[in-house]
Amino acid sequence: MQMMRYKIRHGKINHVFITHLHGDHYLGLMGLLYTMHLQGRTSELHVFGQQELMDIIEIQLRFSRSQLRYPLIFHPIKNYSGDIIHEDDDLVVRTLVMNHRIPCTGFHFQEKPGLRRINTDKLKQYSIPVHQLDSIKRGADFTDGMGRVVPNKELTFDPAPPRSYAYFSDTLFEEDLASDVEGTDLIYHEATFLHDDIERALATYHSTALQAAMLAKKAKAGRLIIGHFSARYPNLEPLLHEARSIFPETDLATEGSRFSIEHGTKQVVKAV
Ligand SMILES: [Zn+2]
Ligand SMILES: [Zn+2]
């Protein structure tokens, strides 16, 4: 329902990553799976999560005597950091093992370097045929009809720098993971409590806003989003203020916010 409200099309989603089996992190999944089924999805859906998640999905399908119209491909997660669980032409996804009350895995999404970008002025100047564009984007030189070689660097610009995003789900402060995500453009980190409530954070295997900011700072991240706030804080400003005291480029993950991942420390476009 939230996806409909925010006009996010189900059809555009092909991969779902579930961190752990506390209800606030996966109870919406079955609803999404059934909605995709009812809307006539036929393309594959890849779900990543703890092995037990597949048991939960299977039992729900079994007892409702349903068979999904689309192939659901489940990828069980192993519990060590740095495992590559998904790779395609555009990106690589690695695990980040959290320290929570039950097995919990975060994810590190890293874009691969893109193709070189064609300088369209040169396209006309050298009358480059369309069928050669692909190889030029991959770095090839161009030889014109007279046999003259035009070097690739004259025809193209450098590719856009690859972007990265790290998702730290429910976890105690795990400072050592900062080196695994060094230089990441955007980090989401849970910040369930204010640092005044550190005892409660330790007891429940959660982090404070201050700790989330410390991790982002240590990782030399571009930006930080904090979320998963305890209901004990009706006003979230103190959490934001606390994180920004350590890491100024912090935003709150409030319902409906959108963030675009930009390379480096550039702004994150946000619209509610
Ligand atoms: Zn949890
Ligand atoms: Zn949670």
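The values are calculated or read from the model by the stated rules, or taken from the named source; none is laboratory data. Everything numeric in this text was worked out from a predicted model, so none of it was measured. All Cβ positions, even for glycine, are placed from backbone atoms using ideal geometry, and neighbour counts span all protein chains on display.
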Candidates Gly23, Gly28, Gly106 - the one that is within 16 Å of ligand 2 (Cβ to nearest atom), within 15 Å of the chain's Cα centre (by Cα) and either in contact (Cβ under 8 Å) with a residue 40 or more places away in the chain or on the phi < 0 side of the Ramachandran plot (or both): Gly106
Complete set of residues in the stretch 171-229 that are among the basic types (Lys, Arg) and not in a loop (DSSP other than H, G, I, E, B): Arg200, Lys217, Lys218, Arg223
Among (1) hydrophobic (A, V, I, L, M, F, W, C); (2) out of contact with any helix residue (DSSP H, G or I) (no Cβ under 8 Å at 6 or more places or on another chain); (3) within 16 Å of ligand 2 (Cβ to nearest atom) - the single one Phe168 does not satisfy: (2)
Residue that is farthest from Met98 (Cα to Cα), among those in the stretch 153-187 that are of a type in the set (Ser, Thr, Tyr) and surrounded by 12 or more Cβ atoms within 10 Å (Cβ to Cβ): Thr156
The stretch 91-114, residues that are of a type in the set (A, V, I, L, M) and surrounded by 15 or more Cβ atoms within 10 Å (Cβ to Cβ): Leu91, Val92, Val93, Leu96, Val97, Met98
Of all residues in the stretch 171-190 being more than 16 Å from ligand 1 (Cβ to nearest atom) and of a type in the set (Asp, Glu), the one that is nearest to the chain's Cα centre (by Cα): Asp185
Glu87 at pLDDT 95 or above and either surrounded by 15 or more Cβ atoms within 10 Å (Cβ to Cβ) or farther than 30 Å from Asp176 by Cα (or both): no
Residue tally, condition assigned to a loop (DSSP other than H, G, I, E, B) and either at positive phi or surrounded by 13 or more Cβ atoms within 10 Å (Cβ to Cβ) (or both), over the stretch 2-13: 2
Filter result (of a type in the set (Lys, Arg) and within 16 Å of ligand 2 (Cβ to nearest atom)) within the stretch 1-20: none
Residue, surrounded by the most Cβ atoms within 10 Å (Cβ to Cβ), within the stretch 230-255, restricted to residues that are more than 16 Å from ligand 1 (Cβ to nearest atom), among the hydrophobic types (A, V, I, L, M, F, W, C) and not in a strand (DSSP E or B): Ala243
